[in-house]
């Protein structure tokens with residue numbers, strides 16, 4: 001049986017692009033990685049991913065952000081445990097109703113203020129911790145938030161790529 005990386009390496013280009021865009025919706029990042037196939041191992045894939053992310057800019061980051069559900073999005077959290085949203089932010093579903101409501105309210109304020117959704121690598125973080133970061137983020141400049149969100153996006157896509165090997 002082929003491992004996930006071997007399977008990915010063997011995919012037709014269009015299918016491989018779909019796999020990468022499921023990891024990160026930035027077409028620049030995905031196409032840059034696609035052009036470097038095949039990958040010998042996890043380290044090679046992760047190194048290529050980091051290099052590809054360095055080639056991205058604001059438009060690419062915003063494209064990547066658009067591929068995410070909002071933290072605590074009730075519709076995204078309706079899926080089963082196999083869905084990406086539940087795997088990455090399922091802890092929000094178990095949070096207090098007041099925390100979920102605050103996340104929803106502040107997510108809307110964040111979107112209105114910055115023009116993109118709040119991005120955070122939710123894996124391993126409590127809903128309360130994410131809410132704290134969201135509250136703090138609302139006092140930042142757009143430029144600072146864009147950089148923070150891009151850094152979080154890179155953590156997310158790296159975690160998703162690492163999951164290919166688990």
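Some observations on this one:
- Scanning segment 149-160 for any residue that is within 16 Å of the chain's Cα centre (by Cα), without any contact (Cβ under 8 Å) to a residue 12 or more places away in the chain and surrounded by fewer than 17 Cβ atoms within 10 Å (Cβ to Cβ) turns up at least one such residue.
- Meets criteria (in contact with a helix residue (DSSP H, G or I) (Cβ under 7 Å, 6 or more places away or on another chain) and farther than 17 Å from residue 165 by Cα) for residue 46: no
- Residue within segment 130-147 that is without any contact (Cβ under 8 Å) to a residue 12 or more places away in the chain and surrounded by 14 or more Cβ atoms within 10 Å (Cβ to Cβ) present: yes
- Residue selected from segment 117-129 under the condition in contact with a helix residue (DSSP H, G or I) (Cβ under 7 Å, 6 or more places away or on another chain) and surrounded by fewer than 17 Cβ atoms within 10 Å (Cβ to Cβ), by the criterion farthest from residue 97 (Cα to Cα): 123
- Residues of segment 96-116 that turn out to be surrounded by 15 or more Cβ atoms within 10 Å (Cβ to Cβ), over 16 Å from residue 136 (Cβ atoms) and modelled with pLDDT of 95 or more, as a count: 1
- Scope segment 8-18; condition within 17 Å of the chain's Cα centre (by Cα) and surrounded by 16 or more Cβ atoms within 10 Å (Cβ to Cβ); matching residues: 17
The values are calculated or read from the model by the stated rules, or taken from the named source; none is laboratory data. Computed from a predicted structure; not experimentally measured. Glycine gets a Cβ as well: all are built from the backbone with ideal geometry, and neighbour counts include every protein chain shown.
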